[in-house]
1. Using Cα pairs under 8 angstrom and six or more residues apart, how large is the relative contact order of chain B, in percent?
2. Report, in deg cm²/dmol and to the nearest 500, the calculated mean residue ellipticity at 222 nm for chain B, where each DSSP H run with n ≥ 4 adds -39500 (n - 2.57) and the sum is divided by the residue count.
3. Rounded to the nearest 0.05, what FRET efficiency do A:Glu61 and B:Arg313 have when you use their Cβ-Cβ distance and R0 = 22 Å?
4. For a quick check: sort A:Asp128, B:Asp298 by the number of other beta carbons within 10 angstrom, fewest at the front.
5. If you plug each phi of the stretch B:113-128 into the Karplus form 6.51 cos²θ - 1.76 cosθ + 1.60 with θ = phi - 60°, what whole-Hz ³J(HN,Hα) values come out, in order, with x for Gly and Pro?
6. About the Cα centre of the protein assembly as shown, how large is the charge dipole given +1 on each Lys and Arg Cβ and -1 on each Asp and Glu Cβ? Please answer in debye to the nearest 20.
7. Using modelled amide H (1.01 Å from N, peptide plane; none on Pro or chain starts), what sits under 5 Å from the amide H of A:Leu200, excluding residues fewer than 5 places away?
8. Going through the cross-link list B:Lys40/B:Lys240; B:Lys52/B:Lys287; B:Lys52/B:Lys254; A:Lys88/B:Lys8; A:Lys28/A:Lys56, which pairs have a Cα-Cα distance over 22 Å in this structure?
Amino acid sequence: MNWLTEFIRPRIRSIVEQKEVPDNLWKKCPECDGMLFHRDLDENMNVCYHCDYHMKISVKERLELIFDDSNYKEIALPEVAFDPLKFKDKRKYSDRIKDSRNKTGRNDGIVVALGSVGGQNTVIAAFDFAFMGGSMGVAVGEGIVTAAETAVKNDAALIVVPASGGARMQEGMLSLMQMPRTIIAVDMVKDAGLPYIVLLTNPTTGGVSASFAMVGDIHIAEPGTMIGFAGKRVIEETIREKLPEGFQTAEYLKDHGMVDMVVHRKDLHDTISRILNLLMDTNRCCKKSKNGSKKGCSGKVSRSKVKSKNSNKAIIGKAA
Amino acid sequence: MSQLEFEKPVLELEGKIRELKNVSSDDNLNIADEISKMQKKVDKLLKQTYAKLNPAQIVQVARHQDRPHFLDYVEELIEDYTELAGDRYFGDDQALLGGIGRFKGQSCIVIGHEKGSNTESRIKHNFGMARPEGYRKAQRLMAMAEQFNIPVLSFVDTAGAYPGVGAEERGQAEAIAKSIETCLRLHVPIISTIIGEGGSGGAIAIAAADNIYMLEHSIYSVISPEGCASILWRSAEYSKDAATALKLTAKNLKELKLIDGIIKEPLGGAHRNKRKTIENVGDAIEKSIHNLMSMDKDKLIKTRKNKFLAMGRKI
C-alpha cells in the first residue's frame with residue numbers, strides 16, 4: 001500500500017502529466033527565475049507576480065491595456081521606400097525585413113491607433129520590439145509623423161510608446177534624419193495645445209531616446225525600463241570601469257530628473273486617463289463669478305472639450 | 001597616424017622634393033627643373049588618388065588630424081569672435097564651443113565641435129565628443145541668436161556624443177533631443193557645415209539646419225563604420241564594408257537628398273591646404289546666408305520643417 005501510493009503512483013502521474021502539460025504553460029521570470037503559470041501571468045499583464053519584473057508585451061496587448069474598453073482603430077501608414085540603401089552586411093537587409101514581416105505580420109516596427117483614454121481622444125504610436133528590435137528607420141519615423149498628424153486632425157492627445165534599441169543602421173543617414181523628423185512631428189501636437197506623452201518601455205536607447213522620446217510634456221516609464229543614450233558596453237569600454245547599480249533604469253532616470261514617474265503596468269490606464277483629463281478637460285470645476293460667489297458649472301465643459309467629445313463618439317463608433 | 005596609407009607614394013615624392021630643395025642652396029637650374037617636374041607628378045598622383053577614393057579612405061581623410069578644425073574656421077572667417085562659455089546649469093563643455101562674432105560683416109552665433117590639434121588640446125577638448133553641457137550651451141546660444149535676430153553658423157566635427165556615466169546621468173539623450181528641437185524652432189537662419197566627421201546624434205544635435213553642407217571628403221553617419229561592423233558583422237575588421245554600406249560620403253548623401261551641397265576641397269584634401277578649404281566653406285556660407293536672410297521668418301521655419309519631412313519620401 002505504502003509502496004504503491006508513495007512511489008509507484010507519483011511516478012506514473014509524473015509520466016502521464018508530462019505528456020499532458022505543454023512546455024508553454026509555465027514561464028520563467030528572467031529577473032528572479034520564479035516559475036509563472038501562463039494564465040496567472042496573462043492576468044497580471046505579463047508582470048512577474050513574484051518580483052514585479054515587467055516582461056515585454058505585444059503591441060496589441062499594449063494598445064488594449066491603455067485604450068478605454070480596449071477599443072481602438074488602427075490607422076493605415078504610408079508606404080515608404082523598401083531598403084533604400086540596398087544595404088547588405090552578412091545578410092541582405094531586404095531579407096531581414098522580410099523575416100521580420102513574416103514573424104510579426106506587420107509592415108514595419110510601429111503601429112498607430114486612434115481611440116480614447118479616460119474619455120479623451122487619443123492617438124497611440126507603439127513600437128514593436130519584435131520587428132528588428134524596434135529600430136527606427138524611415139517607416140517608423142513616417143509612422144510617428146502620421147500619428148502626430150492624426151492627433152492634430154482629431155483634436156487628440158498623442159502617446160508614443162518606444163521600445164527600441166535606436167536608429168536602424170541598415171538605413172544609414174535616412175535613419176538619423178528620423179530624429180529631427182519625429183521631433184517636428186511631436187512639436188505639431190504640442191503647438192496645437194494637445195498633450196504629448198511618452199511612455200518609455202524597455203528598452204528606449206540611442207537615437208530614439210535622443211529625439212522624440214525626451215521632449216514629451218510628460219515622461220512616464222514602466223518599472224525597470226532601460227533608458228539611455230549610449231549602450232552600457234560602449235560606456236564600459238570608454239571609461240574602463242564597472243557601472244553603478246541600477247544605471248540607466250527608469251528609477252535611475254527619475255532620480256536624475258529625466259522621467260516624471262515610474263508607473264506599474266496595472267496602473268497605466270488610470271494614470272494616463274487622469275493626466276489627459278487634467279490637461280484636456282481643464283475647466284470642469286467651479287469657477288468664481290464676478291461678484292465672488294461660486295458658480296457651479298453643472299458638468300459643463302469647455303468648448304474645445306465639447307468638440308472633442310463629439311468627435312470622440314464618432315471614433316468609438318468606427319472603432320467598434 | 002597622420003600618414004594615410006594610400007598617400008604613401010605621394011608622401012615619398014614630397015619627401016624627395018624637400019630633400020632636393022635642401023640641396024639646391026647653390027642655384028642649380030637642373031634641380032629646380034627637376035623639382036617642378038616632380039611637383040607636377042605629385043599633383044597628378046594626388047589627382048588620380050583622390051578621384052577614386054573609396055568610402056573607407058574618405059573616412060580616413062575626414063578624420064585626418066591636420067584637417068582644419070572649428071577654431072581654424074573661426075580664426076579665418078569670424079571677425080571679433082567672442083567666445084561664450086557655460087550652459088548655466090552645470091558647467092562649460094570644451095568639446096562644443098561657441099560664441100558671437102561677425103561673418104563678412106553680419107553678426108552671428110557660431111557653434112561647433114572642436115577636436116583639438118595636439119595631444120594636450122585634444123584632451124582638453126575631449127576629442128570633440130561633447131557632454132550634455134555642450135548641447136545645452138548650444139541651445140542657450142541658439143536662443144540668443146533668436147533674441148537678437150542673427151543667424152546661427154554651426155560646424156560639425158565629432159565622432160559622436162561622449163558615452164560616459166556622468167553624461168548619461170545628466171541626460172545626454174535629452175540634451176541632444178532638445179538641441180535638435182531648438183534648431184528646428186529657430187526663426188533665424190541656421191547653416192550647418194560638416195567639416196570632418198559627422199558622428200550620429202552628437203552631430204545632428206547642431207545640424208538640423210536650413211542649409212546643410214558637407215566638405216567633399218567629410219563623412220556623416222548614423223553610426224561609425226567600426227561600430228556598425230562590430231554589431232552587424234560581429235567584428236570591427238569589416239569596417240571597410242560597413243563604410244561602403246552605410247552611404248556616408250558627401251556624394252552619397254547629396255544623392256539621397258539629405259544635404260544641400262558639397263563644398264570642394266583643394267587638391268589632395270583639406271589637410272593639404274587649410275586656408276583654401278576654409279575659404280571655400282566661407283564662400284558657400286556667404287551665398288547661403290544671403291538667400292536665407294531675405295526670407296520671411298515664418299516661411300523660413302516652414303521651409304526648414306518641410307525639407308526634413310520630405311527626406312526619405314522620394315528616393
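1. Answer for chain B is 16 percent.
2. That calculation yields -14500 deg cm²/dmol at 222 nm.
3. Working: r = 32 Å, r/R0 = 1.45.
Step by step, r from the Cβ atoms, then E = 0.10.
4. So the residues, fewest neighbours to most, are B:Asp298, A:Asp128.
5. With coefficients 6.51, -1.76 and 1.60, one gets 7, 10, 8, x, 10, 9, 3, 4, 6, 5, 5, 4, 8, 6, 6, x Hz.
6. Numbers: 91 positive and 83 negative charges, 453 e Å.
Rounded to the nearest 20 debye, it is 2180 debye.
7. Under 5 Å from the amide H of A:Leu200: A:Ile220, A:Ala221, A:Glu222.
8. Listed pairs above 22 Å: B:Lys40/B:Lys240; B:Lys52/B:Lys287; A:Lys88/B:Lys8.
Here, each number is a calculation from the coordinates, and none is a lab measurement. This structure is a prediction, so every number in the text was calculated from the model and none was measured. Note: ideal-geometry Cβ built from the backbone for every residue, glycine included; neighbour counts use all protein chains shown.
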